[in-house]
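This report refers to the structure that appears directly beneath it.
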Amino acid sequence: MDKKELLALMRTQSYRPLTAAELMEVLGQEDEEAFREFLHSLEQEGYIVRTRKDKYGLPEKMGLVSGRLQASTKGYAFVVPREKEQADVYISALNLNGAMHGDLVLARILPGTTGRRQEGEIIRVLQRANRRVVGTFTATRHLSFVVPDDAHLHQDILITPGNSLGAREKDKVVVEITRWPEARRNPEGRVVEVLGQVGQPGVDVLSIIKKYDLEPEFPPEVLREADGLSKELGPRELAGRRDLRDWRLVTIDGADARDLDDAVSLELLPGGNYLLGVHIADVSFYVREGSALDREAFNRATSVYFVDRVIPMLPPRLSNDICSLNAGEDRLAMTALMTITPRGTVKDYELFPSIIRVRERMTYDAVRRILVDGDPELMERYRELVPDFQLMARLAAILKRRREKRGAIDFDFPEAKVELDDQGLPVAIIPRQRSVAEGIIEEFMIAANEVVARHLYELAVPAVYRVHEEPAPDKMEELNNFLAFFGLQIRPNREGRFNPRAFQEILTAVKGRPEELVISTVMLRSMMHARYAGQCLGHFGLASPYYCHFTSPIRRYPDLVVHRILRETWSPGGLTPQRMAELDAFVALAAAQASEREKVAEEAERETLDMKKVQYMERHVGATFTGAISGVVPYGFFVELENTVEGLVHVSTLTDDYYHYQEDQLALVGEHTGKAFRIGQPVEVLVARVNVEARQVDFELVKPEATVDTGPVSRVRGQQQVKSREKDTGSAGSKTRRKIRGQSRRQRNKATRGRS
């Protein structure tokens, strides 16, 4: 039975709720047991609802909404509907009825609430999201409980007698919930793992790993399979491969990288064309479909990179050894060989299995020092390769200009690396600059990914694509309402479509202006999240009609799938119709799994980075830093330091005047003095308080009278402008301002997920 067919039937105007038996008759189904299981699965996923009279219908036709519960840290929550055209539903703390953050729920709309201000109550929890919770163990004389690390989980978890597993006061623990919360009753649970004392080295990161249900260790059968693989390359391994071991290949990665899965080569051909080689570790030769290694890689779907460790997709025997393109060692690879014109057009290409030997393992810093600084020592050490690096920089610039010309969007958000001591404590936060070396690898990998995606698309074989769809119309309306504050606008073309070039033109226009960061952030938040799919839907951000991930099979499962499918297309006879059908089903499953696990990995990585940044600032309470205002809210403004740490200056600490938030200007304005604090304004701040558990840093201004903007802004005039603007833009404009004014760096960073 097809889900789309059933939902289409229920969406017709003539449909009324029917029993399972009646639906079977209408849809011509004969297997009652299978059909009832099908209905039950759709009910548990929130697509349909079963009434008390055992009849089935759509939630939205019954005054109900199904979706994920997003709890605030203050007790209330919102249901984010499964159907994207529906508005979020506000749920007060009293109407949660035992539902927890992340649960898939069914909510009833309360009478008298409509439109975008709907309020509801939870009537059913369809799927629980928090079967295991990480938190801090606390014991009193008569009671033991765990305080969840996740501030969105508001209730402490009671630990019943005999279920503490020997946990002590202030231990970080993993607790399994044994009884879900009810309207006036906390959840109950049992401790299943003690991670260590709060403050013990490594426990902080381990707590986040457990929170996101990541598994650092591999199952024994997976390790045995990996250990059984050989690095020796005999006739079987070399059969059908092109020998490129005498080519000048290099890897260019970060200094601390261990899983080196891409190497590059470049030469200038007679006539001026470039011959670019992108050589990718042939992981698919070792990780065979259906093996224990493959099943584990599918489940993990991606490697996860923390500030102090890596949880790899594949065991280290593969990721750091057999498959890693280590210099001076023979390795199996999949090669994309592209002939590129001086204008950056791929004139011709070949895809084939190869055997390679990397000449040098280069770092981004070393290549930058050669190309930008002309470092004499490095120039001499790598004198044979220096002309190659210069040629690579030239081609990368050509490819980048071509991407820019077709409209690719280049968000340039500041990033930072946290350096730790041997106890895992942060000792420095170093801003990370994207240099010419990173640009070389980025452009070459994009070129290879596009070539492979187009190749698979034109072969009409199933594949996993990396897709980034055009922004939704409502998001564009909100974005344009916001941009209007700055005299900017993104207009659709004649077909009513938005071209990515228009986004890039806005970014170019605000480059270097105080509002650059906030405009870039809002624009990014308006876009769809990049994901994996079994259909070639193009990549809006890259302005590319064909895109997939081919270049990192050691750390991404979709790349591994693409390699396997390529290999099958080269086999005698190609893909049979039966195999095509099998792959069609599998790529959809693999794409969904990879998209979901990617989100989890990014959230976990981001949380550890935020935590280490706050820990760093904890050691600098009382110190002063320079920064710029990055966001303004009614209760103060956020300041981002040069090291990318962000904290709040609360309005209560501004004692020289009464300050009021002016929405139309995104500013705090003094009632008597007219002084204003606006986005982009440079300030000097003192670190007043730090809360590591809450990931919060509080700043106070140093010499506020010397740092404020004394522009002629009156409070009354500002209020009149707000009223006028709301009349012109309606609720969508107000919604945009509410969304933007409270953005923290963590929220902004969340929006950067899946850019490519």
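Only a single criterion out of (1) surrounded by fewer than 19 Cβ atoms within 10 Å (Cβ to Cβ); (2) in contact with a strand residue (DSSP E or B) (Cβ under 9 Å, 6 or more places away or on another chain); (3) hydroxyl-bearing (Ser, Thr, Tyr) is not satisfied by Ser41, namely (2). Number of residues in the range 641-654 that are in contact with a Gly (Cβ under 7 Å, 6 or more places away or on another chain) and either over 18 Å from Val518 (Cβ atoms) or surrounded by fewer than 20 Cβ atoms within 10 Å (Cβ to Cβ) (or both): the value is 3.
Residue selection: Ala592 fails the criterion of being within 26 Å of the chain's Cα centre (by Cα), over 13 Å from Val461 (Cβ atoms), surrounded by fewer than 18 Cβ atoms within 10 Å (Cβ to Cβ) and free of Cβ contacts under 8 Å to residues at least 24 places away in the same chain. Do the conditions hold for Thr569, that is, is it surrounded by fewer than 18 Cβ atoms within 10 Å (Cβ to Cβ), hydroxyl-bearing (Ser, Thr, Tyr) and not in a strand (DSSP E or B)? Criteria met by Thr569.
Testing Thr178 on (1) more than 30 Å from Ser303 (Cα to Cα); (2) part of a loop (DSSP other than H, G, I, E, B), one condition comes back false. Which one is that? In the conditions (1) more than 30 Å from Ser303 (Cα to Cα); (2) part of a loop (DSSP other than H, G, I, E, B), Thr178 misses (2) alone.
With a requirement of 2 or more residues that are touching a helix residue (DSSP H, G or I) at 6+ places or on another chain (Cβ under 8 Å) and aliphatic (A, V, I, L, M), the strands (runs of 3 or more DSSP E) lying completely within the range 577-695 that satisfy it span 624-633, 667-670, 682-691. Name the residues in the range 117-138 that are open to solvent by 50 Å² or more (accessible area, probe 1.4 Å) and either in a loop (DSSP other than H, G, I, E, B) or free of Cβ contacts under 8 Å to residues at least 60 places away in the same chain (or both), would you? Arg117, Glu119, Ile123, Arg124, Arg128, Ala129, Arg131, listed by residue number. Within the range 370-385, the set of residues being touching a residue at least 12 places away in the same chain (Cβ under 8 Å) and either open to solvent by less than 30 Å² (accessible area, probe 1.4 Å) or not in a helix (DSSP H, G or I) (or both) comprises Ile370, Leu378, Tyr382, Glu384, Leu385.
If you go through the range 444-477 and keep only what is of a type in the set (Asp, Glu) and either in contact with a Cys (Cβ under 8 Å, 6 or more places away or on another chain) or surrounded by 21 or more Cβ atoms within 10 Å (Cβ to Cβ) (or both), you end up with just Glu450. Selection over the range 693-703 of residues that are open to solvent by 30 Å² or more (accessible area, probe 1.4 Å), within 23 Å of Asp204 (Cβ to Cβ) and over 23 Å from the mean Cα position of the chain (by Cα) gives a count of 1.
For (1) in contact with a Phe, Trp or Tyr (Cβ under 7 Å, 6 or more places away or on another chain); (2) closer than 21 Å to Gln593 by Cβ; (3) at pLDDT 95 or above; (4) among the hydrophobic types (A, V, I, L, M, F, W, C), each residue gets a yes or a no:
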residue: Leu524; (1), (2), (3), (4): yes, no, no, yes
residue: Arg555; (1), (2), (3), (4): no, yes, yes, no
residue: Val561; (1), (2), (3), (4): no, yes, yes, yes
residue: Trp570; (1), (2), (3), (4): no, no, no, yes
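Does the range 333-344 contain any residue that is of a type in the set (Gly, Ala, Ser), open to solvent by 10 Å² or more (accessible area, probe 1.4 Å), assigned to a loop (DSSP other than H, G, I, E, B) and out of contact with any Cys (no Cβ under 9 Å at 6 or more places or on another chain)? Scanning the range 333-344, I find no residue that is of a type in the set (Gly, Ala, Ser), open to solvent by 10 Å² or more (accessible area, probe 1.4 Å), assigned to a loop (DSSP other than H, G, I, E, B) and out of contact with any Cys (no Cβ under 9 Å at 6 or more places or on another chain), so the answer is no. Only residues that are on the phi > 0 side of the Ramachandran plot and free of Cβ contacts under 8 Å to residues at least 60 places away in the same chain were counted in the range 420-460, giving 1.
A quick yes/no check of all residues on (1) of a type outside the set (A, V, I, L, M, F, W, C); (2) modelled with pLDDT of 90 or more; (3) touching a Leu at 6+ places or on another chain (Cβ under 7 Å):
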| residue | (1), (2), (3) |
| --- | --- |
| Gln662 | yes, no, no |
| Leu686 | no, yes, no |
| Asn691 | yes, yes, no |
| Thr729 | yes, no, no |
| Arg741 | yes, no, yes |
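When you go through Ala297, Ala327 one by one, which is the residue that is within 30 Å of Lys417 (Cα to Cα) and buried (at least 22 other Cβ atoms within 10 Å of the Cβ)? That would be Ala297, the only listed residue that is within 30 Å of Lys417 (Cα to Cα) and buried (at least 22 other Cβ atoms within 10 Å of the Cβ). The single condition among (1) of a type in the set (A, V, I, L, M); (2) open to solvent by 10 Å² or more (accessible area, probe 1.4 Å); (3) under 26 Å from the mean Cα position of the chain (by Cα) that Met523 does not satisfy is (2). Could you check the range 149-175 and list, in sequence order, the residues that are in a loop (DSSP other than H, G, I, E, B) and under 30 Å from the mean Cα position of the chain (by Cα)? Those that are in a loop (DSSP other than H, G, I, E, B) and under 30 Å from the mean Cα position of the chain (by Cα): Asp149, Asp150, Ala151, His152, Leu153, His154, Gln155, Asp156. Residues that are open to solvent by 10 Å² or more (accessible area, probe 1.4 Å), among the aliphatic types (A, V, I, L, M) and within 18 Å of Leu391 (Cβ to Cβ) within the range 428-443 comprise Val436, Ile441, listed in sequence order. Screening Arg288, Arg258, Arg248 for residues that are at pLDDT below 95 and surrounded by fewer than 20 Cβ atoms within 10 Å (Cβ to Cβ) leaves exactly one candidate, Arg258.
Among the criteria (1) open to solvent by less than 30 Å² (accessible area, probe 1.4 Å); (2) more than 24 Å from the chain's Cα centre (by Cα), the one Phe485 does not fulfil is (1).
Do we find a residue being within 30 Å of Val632 (Cβ to Cβ) and touching a residue at least 12 places away in the same chain (Cβ under 8 Å) anywhere in the range 563-576? No, there is no match, as no residue in the range 563-576 is within 30 Å of Val632 (Cβ to Cβ) and touching a residue at least 12 places away in the same chain (Cβ under 8 Å). Note on the range 204-230: residues that are in a helix (DSSP H, G or I) and farther than 30 Å from Ala99 by Cβ amount to 8. The single condition from (1) more than 30 Å from Ile252 (Cβ to Cβ); (2) free of Cβ contacts under 8 Å to residues at least 24 places away in the same chain; (3) part of a helix (DSSP H, G or I) that Thr508 fails is (1).
So Gly196 clears everything in (1) at positive phi; (2) open to solvent by 50 Å² or more (accessible area, probe 1.4 Å) except one condition, right? Which one? Among (1) at positive phi; (2) open to solvent by 50 Å² or more (accessible area, probe 1.4 Å), the lone unmet condition for Gly196 is (2).
Note on the range 382-405: among residues that are within 30 Å of the chain's Cα centre (by Cα) and not basic (Lys, Arg), the one that is nearest to Thr251 (Cα to Cα) is Met392.
Restricting Gly240, Gly272 to residues that are open to solvent by 30 Å² or more (accessible area, probe 1.4 Å), in a loop (DSSP other than H, G, I, E, B) and touching a residue at least 12 places away in the same chain (Cβ under 8 Å) narrows the list to Gly240. Filtering the range 164-183 for residues that are under 27 Å from Ala77 (Cβ atoms), at pLDDT below 95 and open to solvent by less than 50 Å² (accessible area, probe 1.4 Å) leaves a non-empty set.
Residue count for the range 408-428, restricted to those that are among the charged types (D, E, K, R) and part of a strand (DSSP E or B): 3.
The values are calculated or read from the model by the stated rules, or taken from the named source; none is laboratory data. In this text the structure is predicted, and so the values were computed from the model without any measurement. As a convention, Cβ positions derive from the backbone with ideal geometry for all residues, glycine included, and neighbour counts pool all protein chains shown. These area figures cover heavy atoms from the full protein model, side chains too; ligands, DNA and RNA do not enter into them. Shrake-Rupley method; radii C 1.70, N 1.55, O 1.52, S 1.80 Å.
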